[in-house]
Amino acid sequence: MKVLVLGASGATGNLVVRQLINNKVNVKVVVRSGNNKLNDLMHNELIEVVAVNISELDLIKIAELINDCDAIVSCLGHNISFKGLFGKPRMLVSDSIKNICNAIERSKKDNVKLILMNTTANINRKLQEEYSCKDRFVLSLLTLLLPPQKDNVEAASYLTNVIGENNSKIEWIAVRPDTLINEEKVSDYNIFESIQRSPVSNAGKTSIINVAQFIVELLHNNELWNVWKFRMPVIYNK
Ligand SMILES: NC(=O)c1ccc[n+]([C@@H]2O[C@H](COP(=O)([O-])OP(=O)(O)OC[C@H]3O[C@@H](n4cnc5c(N)ncnc54)[C@H](OP(=O)(O)O)[C@@H]3O)[C@@H](O)[C@H]2O)c1
C-alpha cells in the first residue's frame with residue numbers, strides 16, 4: 001500500500017506520516033518547499049517527498065501525484081494567522097479534495113480510500129445530529145464569517161453529497177476530532193457516529209496523536225474501514 005498525505009507538515013499530518021512509516025507503509029508526502037518538519041525522515045526509503053504547494057497544482061499534476069497511491073489522507077488546514085485565515089487560497093481543503101476526487105475519477109483506479117480530517121464544528125446533514133439551536137446558530141455564523149470553517153464544511157459536504165456512497169472509485173471517511181490537544185503518547189479514545197457534547201459550549205478534547213493513530217488504523221484494518229466508510233466519525237479522548 002502507498003499512501004499520499006496532504007498537509008504532511010502539519011501537526012496531525014506529520015504524525016500520520018510517522019505512524020505509517022513505523023508500520024512500514026510507503027508514503028508520498030506533499031509539503032511546501034522550504035518546510036523542514038519532516039527533514040529527519042528524508043533518507044528513509046519508505047518516504048517520497050514532493051515539495052510543491054498543493055493549491056497550485058493543476059489536474060494533470062494531481063493525477064501524477066495520485067497515480068501510484070492506493071489511499072489519500074488530507075490533514076490540510078489553514079494556518080492560524082491573519083493571512084492563513086482570511087488570505088488565499090480560501091478553499092484550500094475543499095478545492096484539494098475536489099481536485100483529488102476528479103483525478104481519481106478520471107484515472108483507471110478503483111476503490112481508492114480517502115480520509116479527510118474534518119471537525120466536530122461541521123454538522124453531518126445526513127444524520128439527525130443533536131446540535132442545539134444555539135450551536136447551529138454559532139456554527140452557521142462561523143461558516144459565514146470564517147473562511148476555514150466554510151472550507152471544512154464544503155470539503156465534507158462534497159464527499160457526502162457529490163461523491164456519495166455508491167461510488168466505485170472512491171471510498172471516503174471524514175474524521176471529526178473535537179478540540180485538538182498535544183499529547184506525547186497515544187491514549188484511549190472513543191469513536192462515535194455523532195457528537196456527544198456541544199462543540200461550542202462544552203467542547204471535548206482529542207489528542208492529535210490519537211487522530212493520527214485512528215487514521216492509520218482505518219487504513220490498516222479493513223473491518224474498521226468498512227464500519228466507518230462513507231461516514232463522519234467523531235473522536236474524543238476517553
Ligand atoms: N485546531 C483544532 O482544535 C481542530 C479541531 C478539529 C479539526 N481541526 C481541523 O483539522 C485539520 C488539521 O489540523 P492541524 O492542526 O493538524 O493542521 P496544521 O498543523 O495547521 O497543518 C495544516 C497543514 O496544511 C498546510 N497548509 C496550510 N496552508 C496552506 C496553503 N496555503 N497551501 C498549502 N498548504 C497549506 C500546512 O503546511 P505548512 O506546514 O507549510 O504551513 C500544514 O501541512 C484542519 O483542517 C483543522 O481545521 C482542527
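The values are calculated or read from the model by the stated rules, or taken from the named source; none is laboratory data. As the structure is a computational prediction, the values presented were derived from the model and not from experiment. Heads up, the Cβs are rebuilt from the backbone with ideal geometry, glycines too, and the neighbour counts pull from every protein chain shown.
Structure data summary
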{"read-out": "Residue in the range 180-193 that is of a type in the set (Ser, Thr, Tyr), under 16 Å from the mean Cα position of the chain (by Cα) and not in a loop (DSSP other than H, G, I, E, B) present", "value": "no"}
{"read-out": "Candidates Val211, Val216 - the one that is of a type in the set (A, V, I, L, M), within 17 Å of the chain's Cα centre (by Cα), within 12 Å of the ligand (Cβ to nearest atom) and surrounded by 17 or more Cβ atoms within 10 Å (Cβ to Cβ)", "value": "Val211"}
{"read-out": "Qualifying residue in the range 94-109 (condition: assigned to a loop (DSSP other than H, G, I, E, B), within 14 Å of the ligand (Cβ to nearest atom), touching a residue at least 24 places away in the same chain (Cβ under 8 Å) and in contact with a Pro (Cβ under 8 Å, 6 or more places away or on another chain))", "value": "no"}
{"read-out": "Residue match in the range 120-142 (condition: without any contact (Cβ under 8 Å) to a residue 60 or more places away in the chain and within 23 Å of Lys88 (Cβ to Cβ))", "value": "yes"}
{"read-out": "Residue within the range 204-221 that is in a loop (DSSP other than H, G, I, E, B) and farther than 19 Å from Val3 by Cβ present", "value": "yes"}
{"read-out": "Answer residue from the range 26-45, given it is over 21 Å from Ile62 (Cβ atoms) and in contact with a helix residue (DSSP H, G or I) (Cβ under 8 Å, 6 or more places away or on another chain) and is nearest to the ligand (Cβ to nearest atom) among those", "value": "Lys37"}
{"read-out": "Residue check, Ala63 surrounded by 14 or more Cβ atoms within 10 Å (Cβ to Cβ) and either more than 15 Å from the ligand (Cβ to nearest atom) or closer than 13 Å to Val216 by Cβ (or both)", "value": "yes"}
{"read-out": "Residue match in the range 64-76 (condition: within 21 Å of Tyr158 (Cβ to Cβ), assigned to a helix (DSSP H, G or I), touching a residue at least 40 places away in the same chain (Cβ under 8 Å) and not β-branched (Val, Ile, Thr))", "value": "yes"}
{"read-out": "Test: Glu45 is modelled with pLDDT of 95 or more, part of a helix (DSSP H, G or I) and surrounded by fewer than 20 Cβ atoms within 10 Å (Cβ to Cβ)", "value": "no"}
{"read-out": "Hey, Glu129 surrounded by 12 or more Cβ atoms within 10 Å (Cβ to Cβ) and at pLDDT below 95 or not", "value": "yes"}
{"read-out": "Residue match in the range 7-27 (condition: part of a strand (DSSP E or B), modelled with pLDDT of 95 or more and within 15 Å of the chain's Cα centre (by Cα))", "value": "no"}
{"read-out": "Qualifying residue in the range 123-138 (condition: within 16 Å of the ligand (Cβ to nearest atom), in a helix (DSSP H, G or I) and over 17 Å from the mean Cα position of the chain (by Cα))", "value": "yes"}
{"read-out": "Hey, Thr143 surrounded by fewer than 23 Cβ atoms within 10 Å (Cβ to Cβ), more than 19 Å from Lys229 (Cβ to Cβ), at pLDDT 95 or above and hydroxyl-bearing (Ser, Thr, Tyr) or not", "value": "yes"}
{"read-out": "Residue satisfying all of: in the range 70-83; within 16 Å of the chain's Cα centre (by Cα) and not small (Gly, Ala, Ser); farthest from Asn210 (Cα to Cα) among these", "value": "Asp70"}
